[in-house]
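Before any comments, here is the structure.
The values are calculated or read from the model by the stated rules, or taken from the named source; none is laboratory data. All values reported here derive from a predicted model rather than from experimental measurement. Glycine also receives a Cβ, built like all others from the backbone with ideal geometry; neighbour counts cover every protein chain displayed. Side chains are part of the model used for accessible areas, which takes the heavy atoms of the whole protein and leaves out ligands, DNA and RNA. Shrake-Rupley method; radii C 1.70, N 1.55, O 1.52, S 1.80 Å.
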Amino acid sequence: MIHRIAPDRSLAEPSYLQMLRKLSALIDSGEIADGESLPSERALAGMLNLSRVTVRRAYEELRARNYLETHGRAGVTARTPPRLTPRLGRLKGFTEEMHELGMVPSSRLLEHGVVTDRTLASLFGRPSTAPFLRLVRLRLGDGIPLSREVAWYDLTAAPALADWDIQGSAYHFLSERCGIALSHGEQTIEAVMSSAPESAVFEFTAPSPCLLMKRKTFSKTGQIVEYVEGTFRGDAYAYRLTLNLDPPA
């Protein structure tokens with residue numbers, strides 16, 4: 001196993017990041033089993049002819065991502081981090097998704113304000129001076145930061161949102177308080193590296209793989225009422241799709 005995690009010193013990528021990438025891949029694949037003991041920082045540094053600081057940085061990042069546990073004198077053990085596997089295919093917000101997964105949802109409001117933006121107004125099909133509620137929230141499941149979400153809501157269609165206390169589900173508020181019936185959403189998913197603000201809230205020490213989800217949510221009248229860009233930590237999510245085989249033509 002040791003030769004599998006040895007960094008390639010001819011690469012520009014820092015040695016601790018190479019170790020982080022290789023160790024997390026081995027744990028994800030099961031080649032390093034859940035609960036398996038790993039060498040101490042000092043021992044692994046000696047085996048790989050690296051500084052202890054380099055090994056410590058890799059181990060600290062792995063602990064932050066729930067790949068390692070330290071038990072005092074018992075040493076370091078691998079931990080297979082839990083993967084959230086929500087199903088795609090139905091319009092639902094973060095709160096409902098967490099409930100489906102048996103987790104307790106919560107949010108931390110990072111930014112809140114009413115804004116005007118020409119590009120955003122064009123996306124919503126509104127005049128350039130139209131107001132939008134902009135929210136930046138950290139979304140948590142069972143207290144674990146899972147997503148940094150930036151959302152915009154059309155205050156022309158739903159002016160009551162300006163007084164929303166940002167508690168609970170936005171979709172519930174739109175339905176119950178604004179009288180807006182939602183119809184469907186259009187969502188894309190792409191792989192990205194975490195930005196500096198995302199790395200900070202996820203407690204990453206370096207940019208890390210994430211999933212960027214962009215969603216437009218439509219009312220039954222065909223109007224876009226919400227646009228969301230949510231960055232989900234890649235070490236926690238594995239989305240599931242059910243693919244049906246069409247009958248032969």
So the check is Cβ under 8 Å with 6+ separation or different chains; which pairs have a first residue in region 42-55 that's in contact (Cβ under 8 Å) with a residue 12 or more places away in the chain and a second one that's of a type in the set (S, T, Y) and surrounded by 14 or more Cβ atoms within 10 Å (Cβ to Cβ)?
L50/S15; T54/S15; T54/Y16; V55/Y16
If I filter region 28-47 down to residues being farther than 19 Å from E60 by Cβ and open to solvent by less than 60 Å² (accessible area, probe 1.4 Å), which single residue comes out as nearest to the chain's Cα centre (by Cα)?
G30
Does A157 count as part of a loop (DSSP other than H, G, I, E, B), at pLDDT 90 or above and either touching a strand residue (DSSP E or B) at 6+ places or on another chain (Cβ under 8 Å) or charged (D, E, K, R) (or both)?
yes
Helices (runs of 4 or more DSSP H) (entirely within region 1-97) containing at least 3 residues that are at pLDDT 85 or above:
15-29, 41-48, 52-64
Anything in region 160-181 that is surrounded by 11 or more Cβ atoms within 10 Å (Cβ to Cβ) and assigned to a helix (DSSP H, G or I)? List them, or say none.
A160, L161, A162, A170, Y171, H172, F173, L174, S175, E176
Condition (residue is open to solvent by 20 Å² or more (accessible area, probe 1.4 Å), hydroxyl-bearing (S, T, Y) and more than 15 Å from the chain's Cα centre (by Cα)) applied to region 182-194: is it met by at least one residue?
yes
The one condition in (1) within 18 Å of E96 (Cα to Cα); (2) open to solvent by 10 Å² or more (accessible area, probe 1.4 Å) that T116 fails to fulfil:
(1)
Out of (1) among the hydroxyl-bearing types (S, T, Y); (2) surrounded by 14 or more Cβ atoms within 10 Å (Cβ to Cβ); (3) free of Cβ contacts under 8 Å to residues at least 60 places away in the same chain, what's the single condition that is false for S147?
(3)
Out of all the residues in region 205-227, which are out of contact with any Gly (no Cβ under 9 Å at 6 or more places or on another chain), open to solvent by less than 40 Å² (accessible area, probe 1.4 Å) and at pLDDT 85 or above?
S219, V225, Y227
